[in-house]
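To keep things clear, I will list the structure first and then write my remarks on it.
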Amino acid sequence: MYDPTVARLTYRALLGRRRAAILFVLPALLLVIAAAVRMFAGADDQIASDVLGGFAIATMVPLIGVIAGTGAIGPEIDDGSIVYLLSKPVKRPTIIFTKLIVAIAVTMVFSALPTLLAGLILNGNGQQVAVAYTIAALVASIAYSALFLLLGTVSRHAVVLGLVYALVWEALFGSLVPGARTLSVQQWSLAVAQKVAGDGAVTSDVGLPLATVLLVAVTVVATWYAGQKLRTLKLAGEE
């Protein structure tokens, strides 16, 4: 199910000069914010939770997921270069699965690691805040990668749709509108983090059992459907 050649090509595409520069911006900004907050406010568990929840999980992780998930396949479909990959003796579900693994890995590295470092800067992992939000970033990376990989497969406007989802639904509605929180990857990941952090340090509007089911369901269904959509792409000469 995992093809090293597909993985190498996908890593090369995602970590090219332009896209890599974009991937570094948000983590760097998070670390700068964390250092500034620690300098002026000192170590405070609640402030640390607010920064990590409000910026890292609500904004940085989904945006990096957009870049990695859509970038893993969208540009190849848009410019037609996907036909060279599809002409190889590699099953199309294998292509999707491999690209998903790469997107997850890239999203985790550029979101979870900076989240951990920022948490340590902010409060030295008091009440396990840094570790809890890092776990949330890891969990969210999986679901976001699958979701945005699907968008990259089904739409030429995947980046725009992904940004709307990340900035409007997750960062705005997912944080402020109670009814929307149940359908928010952010809240699902926070439910996992809540079990790790100290009492009251991390909160979620979704219970852990439901959050776990939804995280798994979104990841599996999005990956399966992306594979089905890739099957429908026809090459010249195919019946």
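The values are calculated or read from the model by the stated rules, or taken from the named source; none is laboratory data. All of these numbers come straight from a predicted model, not from anything done at the bench. Positions of Cβ are generated from backbone atoms using ideal geometry, with glycine treated the same way; all protein chains shown enter the neighbour counts.
Residues of the range 200-209 that are without any contact (Cβ under 8 Å) to a residue 60 or more places away in the chain and either aromatic (Phe, Trp, Tyr) or touching a helix residue (DSSP H, G or I) at 6+ places or on another chain (Cβ under 8 Å) (or both): THR203, SER204, ASP205, VAL206, GLY207, LEU208. Annotation: LEU161 fulfils all but one of (1) modelled with pLDDT under 95; (2) touching a helix residue (DSSP H, G or I) at 6+ places or on another chain (Cβ under 8 Å); (3) surrounded by fewer than 22 Cβ atoms within 10 Å (Cβ to Cβ); (4) closer than 28 Å to ILE47 by Cβ; the unmet one is (4). Cβ separations smaller than 6 Å between residues 6+ apart or across chains give the following pairs from the range 181-193 residues that are within 19 Å of LEU116 (Cβ to Cβ) to residues that are of a type in the set (D, E, K, R) and at pLDDT below 95: GLN186/GLU170. Only a single criterion out of (1) buried (at least 19 other Cβ atoms within 10 Å of the Cβ); (2) assigned to a helix (DSSP H, G or I) is not satisfied by ALA197, namely (2).
Within the range 77-113, being closer than 18 Å to TYR225 by Cα and either touching a Lys or Arg at 6+ places or on another chain (Cβ under 6 Å) or among the acidic types (Asp, Glu) (or both) holds for one residue alone: ARG92.
All conditions in (1) over 17 Å from THR59 (Cα atoms); (2) in contact with a Phe, Trp or Tyr (Cβ under 6 Å, 6 or more places away or on another chain); (3) surrounded by fewer than 18 Cβ atoms within 10 Å (Cβ to Cβ) hold for ALA180, with the sole exception of (1). Quick check on my filter: what residues within the range 49-82 are closer than 22 Å to ARG17 by Cβ, assigned to a helix (DSSP H, G or I) and either touching a strand residue (DSSP E or B) at 6+ places or on another chain (Cβ under 6 Å) or not small (Gly, Ala, Ser) (or both)? Selection gives MET60, LEU63, ILE64, VAL66, ILE67, THR70, PRO75, GLU76, ILE77, ASP78, ASP79, ILE82. Only residues that are without any contact (Cβ under 8 Å) to a residue 24 or more places away in the chain and either outside any helix (DSSP H, G or I) or charged (D, E, K, R) (or both) were counted in the range 1-44, giving 6.
Here is a check on your reading of the model: is ALA158 in contact (Cβ under 8 Å) with a residue 12 or more places away in the chain and either closer than 14 Å to GLY74 by Cβ or in contact with a Lys or Arg (Cβ under 7 Å, 6 or more places away or on another chain) (or both)? Yes; evaluated as a whole, the condition is true for this residue. The residue that is modelled with the lowest pLDDT, among those in the range 199-227 that are touching a Lys or Arg at 6+ places or on another chain (Cβ under 9 Å) and not β-branched (Val, Ile, Thr), is ASP205. Checked against (1) surrounded by 19 or more Cβ atoms within 10 Å (Cβ to Cβ); (2) at pLDDT below 90; (3) farther than 20 Å from TYR144 by Cα, THR5 passes all but a single condition, namely (1).
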